[in-house]
Amino acid sequence: MFYREAGDFKVSYQQDSQTFPIKFDRYRYYAVMAFAFLVVPFVINDYWANAILLPFLIYSIAAIGLNILVGYCGQVSLGTGGFMAVGAYACYKLMTAFPDVSMIIHVLLAGGVTAVVCVGFGLPSLRIKGFYLAVATLAAQFFLVWLFNRVPWFYNYSASGQISAPERDVFGVIITGANATATATYLFCLVFLVLCALIARNLTRGTIGRTWMAIRDMDIAAEIIGVNPLKAKLTAFAVSGFFIGISGALFFAIYLGAVEVGEVFGINKSFLVLFMVIIGGLGSIFGSFAGAAFLVLLPVVLKVVGVDILGWPTDIVAHLQLVIVGALIIVFLIMEPHGLAQLWRVAKEKLRLWPFPH
Amino acid sequence: MLDASEGYTTEDGRKIGGVVMEMKNITLRFGGVVAIKDISFDIREGEIRAIIGPNGAGKSSMLNVISGFYVPQEGEVFFHGKKRPQMRPYEVARQGIARTFQNIALFEGMSVLDNVMTGRLNYMKTGLFQQALWKGKAEQEETENREAVEKIIDFLEIQHIRKTPVARLPYGLKKRVELARALAAEPKLLLLDEPMAGMNVEEKEDMSRFILDVNDEFGTTIALIEHDMGVVMDLSDRVVVMDYGKKIGDGTPDEVRSNQAVIDAYLGVSHD
């Protein structure tokens, strides 16, 4: 077989702490990257980009961001929708105020602005935890959506109250507005996803990741060992906010093009991303991808199977989706709180011994 | 009683240095309950200092005062001759005081290696951006600290469970991992809160050996709480005895054993 751990010796601690310690995993990762960058852009069409790939890429960034906060640092947040809105509106204000500056910088700055806002709303976490913190972040969600609806400065006093992305290009290639090609938007989002995933992985395997997990697992012991809880929690909020802000900016500028804040970044969005993290796996980067892929693909697959093949009415299929997601959340919370990522780990562990488990 | 400020020599010939930590007239109250009442004692460099007493005597509270988790209402704590200002527990940890807990307080979701690496926090200096890049400073720092951690893993003989999640380990090993995490900080003063609670004789012997080895090889000053009198009398150089928040005895194991107040506290006294 190709997939073997035996004989894959590490001779240095660097080799032991790399992202993919097993050779096969490493080659598979290179293959996936090559496929994503060199094959997909040439075969992509508008349907694939808009129905599956763009939402998957953007939700993956959001899920990684939320996973850092909830899965790694143990601070529950229901404000994801609101924080994505911060990223979207920051990006919009920057795009319209500085039309000549590159979109790459705007998206990164939108992430930075969201990080600052997120830290602000993360301050209560120093005093309260769990359920009460969830309610505090819920307040952030409603407050932010209300703010962007009520203060005309945020949507540049437009009559509709919406924000819509003007046409912008990166290195001469149009990436926003109606004239952007599927290839360009896909690659733009992919670059950000890869960057975010690498940063998340680097942070979580090192010192900062360990302080986050220490706070998550036992905050009192962590403090007595030397973890500064203020610093650990607020860096988690900042990094999480940075990723969520980037995803909000991309969601608005690249994917939708025009946004009405209450509709797009409402409480439903917070729950959707939280479900991705729970189903995918708390405390796992791979889980963030798996959860995002699952919840993006589920409606598409249901529609293809239910409406196109079985010929059921559309509304029944749409409701069926809610039923399935709800049931899955309950099943995962009870049976496997660490989600798809843990199922994958367990499967690998069993296969390692198969067919002689003893 | 010992009064030489320059230290002393133990029966087995180890040299004990000057005072590392001195508690002066510590009083700790929780509302109306007085947990610790006007207690003074010192811990000297290189010694194994035991704190014993019946249940509820205030031993763990005393340890919590030393590690900065409780702030006493009265009294002063001197560390290396300097009065310690009021500080948060993580600041105390940075001064070189590490501890283990009575009920194991490991990070259950992390591997043994990650748990022990967390103990090295004081030596991690790279910032957020360097760690996000990983290559360069952060990786170098990780590797250097990993080497130090591997020495301790080696020392405590837990190599085989290095990558195992802590939640899967049996009790005895968890206690050992917790000791490893505390040792990883290379503490000047190591506090052990009932390191042998709930262990069988064999595990107790192992743990006693590790404690003596730590003291011997790294020269670490150790303060420990323990209920097993045999262990305490064998391990420790000096013993503080507490009862109902008061200090009722202080001295070498032999002195304490013959102290009438201590005998009364442990065996009871007739009221006729």
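No value in this document is a laboratory result; all are computed from the given coordinates. All values derive from a computational prediction rather than experimental measurement. For neighbour counting, all protein chains shown are included, and Cβ atoms are generated from backbone atoms with ideal geometry for every residue, glycine included.
Taking the Cα centroid of segment B:73-112 and of segment A:287-307, what is the distance between the two, rounded to the nearest whole Å?
49 Å
Compute the distance in nm between two label points, each set 7 Å from the Cα along the Cα-to-Cβ direction, one at A:Asp219 and one at A:Asn179.
5.2 nm
Could you calculate the contour length gain from A:Ile105 to A:Lys231, that is, 0.36 nm times the residue separation minus the distance between their Cα atoms, to one decimal place in nm? Walk me through the intermediate numbers first.
Values: separation 126, 0.36 × 126 = 45.36 nm, distance 2.67 nm.
My answer for the length gained is 42.7 nm.
Can you name the helices of chain A, as whole DSSP H runs, whose Cα span along the helix axis is 30 Å or more and whose Kyte-Doolittle mean is not below 1.0? Walk me through the intermediate numbers first.
Values: long enough: A:182-205 (34 Å, 1.57); A:229-250 (32 Å, 1.24); A:314-335 (31 Å, 2.34).
Long hydrophobic helices here: A:182-205, A:229-250, A:314-335.
Between helix B:201-218 and chain B, what is the angle of the helix's C-alpha long axis to the longest principal axis, kept within 0 to 90° and rounded to the nearest 10?
80 degrees
What is the P(r) of segment A:282-358, as percent of Cα-Cα pairs per 5 Å bin from 0?
Final binned percentages: 3, 14, 17, 18, 15, 13, 11, 6, 3, 1, 0.
Please compute the alpha carbon radius of gyration of segment B:1-90, then divide it by the globular-protein estimate 2.2 N^0.38 Å. Two decimals is fine.
Working: Rg = 14.2 Å, N = 90, 2.2 N^0.38 = 12.2 Å.
Working it through for segment B:1-90, the quotient is 1.17.
Between B:Arg168 and B:Arg14, what length comes free when the chain is fully extended (0.36 nm per residue of separation minus the Cα-Cα distance, one decimal in nm)?
On the way: separation 154, 0.36 × 154 = 55.44 nm, distance 3.92 nm.
This chain segment gains 51.5 nm when fully extended.
Using a simple charge model, +1 on the beta-carbon of Lys and Arg, -1 on the beta-carbon of Asp and Glu, nothing else, what dipole does the protein assembly as shown show about its Cα centre, in debye to the nearest 20?
Numbers: 56 positive and 60 negative charges, 365 e Å.
Roughly 1760 debye, rounded to the nearest 20.
Nearest 5 is fine: what % of DSSP beta bridges in the protein assembly as shown come out antiparallel, could you say? Show your work: numbers first, answer last.
Working: 27 of 43 bridges.
Around 65 percent antiparallel, to the nearest 5.
Looking at chain B from every direction and averaging, what is the projected area of its Cα convex hull in nm²? Numbers along the way, then the final one.
Details: hull surface 66.9 nm².
With every direction weighted equally, the projected area is 16.7 nm².
If each Cα of segment A:186-225 is one equal point scatterer, what is log10 of I(q)/I(0) from the Debye formula at q = 0.22, 0.33 Å⁻¹?
Debye intensities relative to I(0), on a log10 scale: -0.68, -0.96.
Calculate the FRET efficiency for B:Leu128 and A:Asp308 from the Cβ-Cβ distance with a Förster distance of 60 Å, rounded to the nearest 0.05. If you can, show how the numbers build up before the last one.
On the way: r = 48 Å, r/R0 = 0.80.
Once rounded, the FRET efficiency stands at 0.80.
Which aspartates and glutamates does A:Lys348 reach when only Cα atoms under 17 Å apart count, and residues fewer than 8 places away in its own chain are ignored?
Here the aspartates and glutamates satisfying the reach criterion relative to A:Lys348 are A:Glu5, A:Asp8, A:Asp25, A:Glu336.
Determine which lysines satisfy two conditions relative to A:Lys303: a Cα distance under 30 Å, and not lying fewer than 8 residues away in the same chain.
A:Lys269
Return the calculated 222 nm mean residue ellipticity for chain B, to the nearest 500 deg cm²/dmol, obtained by summing -39500 (n - 2.57) across DSSP H runs with n ≥ 4 and dividing by the residue count.
On the way: 10 runs with 98 residues, N = 272.
Result for chain B, helices only: -10500 deg cm²/dmol.
Which values of log₁₀ I(q)/I(0), to two decimal places, follow from the Debye formula for segment B:1-156 at q = 0.19 Å⁻¹ with a uniform point scatterer at every Cα?
Reported log10 I(q)/I(0), two decimals: -1.27.
Using the Cα centre of chain A as the reference point, and only Cβ charges (+1 on K/R, -1 on D/E), how large is the resulting charge dipole? Debye, rounded to the nearest 20.
On the way: 22 positive and 17 negative charges, 178 e Å.
In total the dipole reaches around 860 debye.
With a point put 7 Å past each Cα toward its Cβ, work out how far A:Phe37 is from A:Leu126 in nm, to one decimal.
So the two model labels end up 4.2 nm from each other.
To the nearest 500 deg cm²/dmol, what mean residue ellipticity at 222 nm is calculated for chain A from DSSP H runs of n ≥ 4 alone, each contributing -39,500 (n - 2.57), summed and divided by the residues? Let's see the in-between values first.
Numbers: 16 runs with 229 residues, N = 358.
Value at 222 nm, helices only: -20500 deg cm²/dmol.
Highest GNM mean-square fluctuation, chain A, Cα pairs closer than 10 Å: which of A:Phe154, A:Phe289, A:Phe131?
A:Phe131
Cα-Cα over 28 Å: which of A:Lys233/B:Lys246; B:Lys59/B:Lys188; B:Lys137/B:Lys163; B:Lys125/B:Lys204; A:Lys231/B:Lys37? Could you put the intermediate results ahead of the total?
On the way: A:Lys233/B:Lys246 39 Å; B:Lys59/B:Lys188 20 Å; B:Lys137/B:Lys163 24 Å; B:Lys125/B:Lys204 37 Å; A:Lys231/B:Lys37 35 Å.
Exceeds cut-off: A:Lys233/B:Lys246; B:Lys125/B:Lys204; A:Lys231/B:Lys37.
Report the local net charge at B:Leu128: Lys and Arg +1, Asp and Glu -1, summed over other residues whose C-beta lies under 13 Å from its C-beta. Don't skip to the end; give the middle numbers.
On the way: positive: A:Lys231, B:Lys125, B:Lys137; negative: none.
It works out to a net charge of +3.
Compute the Rg/Rh shape ratio of segment B:73-165: radius of gyration over Kirkwood radius, all on alpha-carbon atoms.
Values: Rg = 16.4 Å, Rh = 15.8 Å.
For segment B:73-165, the value is 1.04.
If you take each beta carbon of peptide A:11-20 and count the beta carbons of other chains within 10 angstrom, what is the mean? Can you show the working numbers first?
Working: counts 0, 2, 9, 6, 0, 5, 7, 2, 1, 0.
Per residue, the number of nearby Cβ atoms from other chains is 3 on average.
Quick one: Cα centre-to-centre distance for segment A:30-56 and segment A:84-100, in angstrom?
So the separation of the two Cα centres works out to 26 Å.
Can you pull the Rg over Rh of segment B:112-178, Cα-only, Kirkwood? Show your work: numbers first, answer last.
Values: Rg = 13.3 Å, Rh = 12.9 Å.
A ratio of 1.04.
Extending each Cα 7 Å along its Cβ direction at A:Trp48 and A:Trp344, get the distance between those two points in nm, one decimal.
Going by the 7 Å Cα→Cβ label model, 2.1 nm.
Could you list, bin by bin from short to long, the percent of Cα-Cα pairs of segment A:2-161 in 5 Å steps?
Distribution as computed: 1, 7, 11, 13, 13, 14, 13, 11, 8, 4, 2, 1, 0, 0 percent.
Can you give me the orientation-averaged projected area of the convex hull built on the Cα atoms of segment A:77-175, in nm²?
Working: hull surface 27.2 nm².
Projected over every direction and averaged, the Cα hull of segment A:77-175 covers 6.8 nm².
Which one of B:Ser67, B:Pro253, B:Val20 has its Cα pushed farthest toward the positive end of the charge dipole of chain B, where Lys and Arg give +1 and Asp and Glu give -1 at the Cβ?
B:Ser67
Can you spot the aspartates and glutamates whose alpha carbon is less than 18 Å from A:Lys93's alpha carbon? Ignore those fewer than 8 places along the same chain.
Straight-line reach from A:Lys93, under 18 Å: A:Glu167, A:Asp169, A:Glu260.
Relative to the longest principal axis of chain B, what angle (0 to 90°, nearest 10) does the C-alpha long axis of helix B:137-155 take?
Around 50 degrees separate the two axes.
Can you compute log10 of I(q)/I(0) for segment B:132-240 with the Debye formula, treating each Cα as one identical point scatterer, at q = 0.12, 0.17, 0.20 Å⁻¹?
-0.47, -0.86, -1.11
Would you kindly calculate the mean projected area, averaged across all directions, of the convex hull enclosing the Cα atoms of the protein assembly as shown, in square nanometres? Intermediate results must be reported in sequence, preceding the final value.
Numbers: hull surface 145.1 nm².
Convex hull of Cα atoms, orientation-averaged projection: 36.3 nm².
Is there a simple number for the mean count of other chain Cβ atoms within 10 Å of the Cβ of residues in A:192-202, and what is it? Walk me through the intermediate numbers first.
Numbers: counts 0, 0, 0, 1, 0, 0, 3, 6, 1, 2, 8.
Mean partner-chain Cβ count within 10 Å for A:192-202: 2.
Semi-axes of chain A's equivalent ellipsoid from the Cα gyration tensor, sqrt of 5 times each eigenvalue, largest first, rounded to whole Å?
Numbers: eigenvalues 201, 140, 98 Å².
In descending order the semi-axes read 32, 26, 22 Å.
To test your reading of the geometry: what angle, between 0 and 90 degrees and rounded to tens, separates the Cα axis of helix B:171-184 from the longest principal axis of chain B?
That works out to roughly 80 degrees.
Test of understanding: in a Gaussian network model of chain B with alpha carbons linked when under 10 Å, which of B:Glu47, B:Glu147, B:Glu157 would top the mean-square fluctuation ranking?
Highest fluctuation among the options: B:Glu147.
With springs only between Cα atoms under 10 Å, which of A:Leu138, A:Leu320, A:Leu195 fluctuates most in a Gaussian network model of chain A?
In this elastic network of chain A, the residue with the biggest mean-square fluctuation among A:Leu138, A:Leu320, A:Leu195 is A:Leu320.
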